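Have a look at the structure below, then the notes.
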Amino acid sequence: MVGRLPVLVPLSRLPGSRRYRLGHQADGACVFLDANGLCRIHAKFGEQAKPLACRIYPYAFHPAGRHLAVSLRFSCPSVVSNRGRAVGDQADEIKKLARDAVPAGVSRLPAPNITPKEQLDWPDFLRMRDALDAELAAAEAVHVKLRRALFWIDLVEQATFSKVRGDRLDEFLDLIRQTASAKIPADIDPTAQPGRSGRMQFRMLTAQYARKDTFADRRSGWRGRWKLLQAAVRFARGTGTVPPLQEVFREVPFAALEHPFGGLPAQAEEMFTRYLRVKIQGLHFCGRAYYGVPLVEGFRSLVLVYPCVMWLSRWLAAGRGRDVLQTEDVADALAIADHHHGYSPAFGQRSFRRRVRFLARLGDIEKLCMWYSR
């Protein structure tokens, strides 16, 4: 215990849960932070005395065949703002952290599935990963790159790869990427509106990203659960004002967030491109790094982060008295969303995964990207 707060709390409310995380203060801050936001353990005993999870943060390590992929947590303000030393300049420290964090034998783990029925070995899986990264590295607007990637990922979902390996897989990926570029021009008009059902499901999904669950919330009992249920009903209806799910948000009309907000500022375009590429390169969107889901489903979930962050950015901007996005709105929204992505147990549950699949079947994922990019 630190004061009256527990050091560790279970990740799940289910009886017998054996997975834990560090406790939070009432405002969501780590239980070990002092009034100045500094770590008490680090100050008194040095960095090596801190829990492993704290020493690793904001890095994340995921198996990639005979190597490890390194990802970053954009819930860290320094990562969002691209401050500090470049990752390449920290290679020795990162390798040491990886040795401490990654169990032996990970090089023997198979690659994530491409779809529930299709799997490639690691070299070919990484070809698929590299094709996604190349798509997102293009000098186009984020919503255009995402729509093109979604187009050819849909084709990947329909393909079988028993005889498409190595150079033939490269040819296949080049062909479908060229087709996507031809079908989806850079100046495409972003006015296709998602359907009513899709927008309701999207609001419910975005509400999960907007929450900030703390130990105080867990102790609130039925009152806290009733409050969350009321908020969920309001998000499902999408009328009236948006219930603030944490202190940073203000009550604004749902309708106000459906008007154009001018799209991403140039600096935020770069920020979001970096975010997506870090997640792709670090394999932080599928397999063991993301609830065990196949590449196709995991990529769709990652794409949905974009309209979710755009919606949250609009909410923040409107609460700050503006109807045009600024980079700070996007940075704050991205940090809020990435706090959960790949880490909140709720995102691996069947209900969340069904919501992603439902939006994909409706064809609304790309429409959401376009609608909230206006």
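The values are calculated or read from the model by the stated rules, or taken from the named source; none is laboratory data. Predicted, not measured: the structure shown is a model, and the values here were computed from it. Positions of Cβ are generated from backbone atoms using ideal geometry, with glycine treated the same way; all protein chains shown enter the neighbour counts.
Regarding the range 309-325, can at least one residue be identified that is touching a Pro at 6+ places or on another chain (Cβ under 9 Å), under 20 Å from E366 (Cα atoms) and assigned to a helix (DSSP H, G or I)?
no
Among the residues that make up the range 115-127, is at least one of them among the hydroxyl-bearing types (S, T, Y), assigned by TED's automatic domain parsing to the domain that holds L283 and more than 26 Å from G65 (Cα to Cα)?
No: zero hits.
Going through P112, P77 one at a time, which residue ends up being assigned by TED's automatic domain parsing to the domain that holds P265 and in contact with a helix residue (DSSP H, G or I) (Cβ under 8 Å, 6 or more places away or on another chain)?
P112
Would you check if G166 is within 25 Å of C308 (Cα to Cα) and surrounded by fewer than 16 Cβ atoms within 10 Å (Cβ to Cβ)?
Against the criterion (within 25 Å of C308 (Cα to Cα) and surrounded by fewer than 16 Cβ atoms within 10 Å (Cβ to Cβ)), G166 does not qualify.
Has the range 210-225 got at least one residue that is assigned to a helix (DSSP H, G or I), surrounded by fewer than 20 Cβ atoms within 10 Å (Cβ to Cβ) and modelled with pLDDT of 95 or more?
no
Specify which of the listed residues (A186, A192, A139, A182) is assigned to a helix (DSSP H, G or I), at pLDDT below 95 and surrounded by fewer than 17 Cβ atoms within 10 Å (Cβ to Cβ).
Being assigned to a helix (DSSP H, G or I), at pLDDT below 95 and surrounded by fewer than 17 Cβ atoms within 10 Å (Cβ to Cβ) holds for just one of A186, A192, A139, A182, which is A182.
Considering only residues that are in contact with a strand residue (DSSP E or B) (Cβ under 8 Å, 6 or more places away or on another chain), in contact (Cβ under 8 Å) with a residue 60 or more places away in the chain, closer than 20 Å to T206 by Cα and assigned to a helix (DSSP H, G or I), which ones fall in the range 251-301?
Scanning the range 251-301 gives K279, G298.
Contact list please: Cβ distance under 8 Å, first residue in the range 99-112 and in contact (Cβ under 8 Å) with a residue 24 or more places away in the chain, second residue among the charged types (D, E, K, R) and in a loop (DSSP other than H, G, I, E, B), pairs at least six apart or on different chains.
From the range 99-112, the pairs are S107/R66; L109/R288; A111/D121; P112/R288.
Can you pull out every residue in the range 154-184 that is without any contact (Cβ under 8 Å) to a residue 12 or more places away in the chain and either farther than 29 Å from K367 by Cβ or of a type outside the set (D, E) (or both)?
Q158, S162, K163, V164, D167, R168, E171, L175, Q178, A182 - these are the residues of the range 154-184 that are without any contact (Cβ under 8 Å) to a residue 12 or more places away in the chain and either farther than 29 Å from K367 by Cβ or of a type outside the set (D, E) (or both).
Taking the options Q201, Q193, name whichever one is touching a Lys or Arg at 6+ places or on another chain (Cβ under 6 Å), closer than 30 Å to V242 by Cβ and not small (G, A, S).
Checking each option against the conditions leaves just Q201.
Being buried (at least 23 other Cβ atoms within 10 Å of the Cβ) and of a type in the set (V, I, T) is the requirement here; does V278 meet it?
For V278, the condition - buried (at least 23 other Cβ atoms within 10 Å of the Cβ) and of a type in the set (V, I, T) - is not met.
Scan the range 286-296 residue by residue and report those that are crowded, with 24+ Cβ neighbours inside 10 Å and either modelled with pLDDT of 95 or more or in contact with a Pro (Cβ under 8 Å, 6 or more places away or on another chain) (or both).
C286, L295
Filter the range 84-131 down to the residues that are under 20 Å from L173 (Cβ atoms) and touching a strand residue (DSSP E or B) at 6+ places or on another chain (Cβ under 6 Å) and list them by number.
P112, N113, Q119
State yes or no: is A289 small (G, A, S), in the same structural domain as G238 (by TED's automatic domain parsing), within 26 Å of D133 (Cβ to Cβ) and over 11 Å from the mean Cα position of the chain (by Cα)?
yes
Among the residues of the range 86-107, are any exposed (fewer than 11 other Cβ atoms within 10 Å of the Cβ), closer than 21 Å to L334 by Cβ and not β-branched (V, I, T)?
Within the range 86-107, one or more residues are exposed (fewer than 11 other Cβ atoms within 10 Å of the Cβ), closer than 21 Å to L334 by Cβ and not β-branched (V, I, T).
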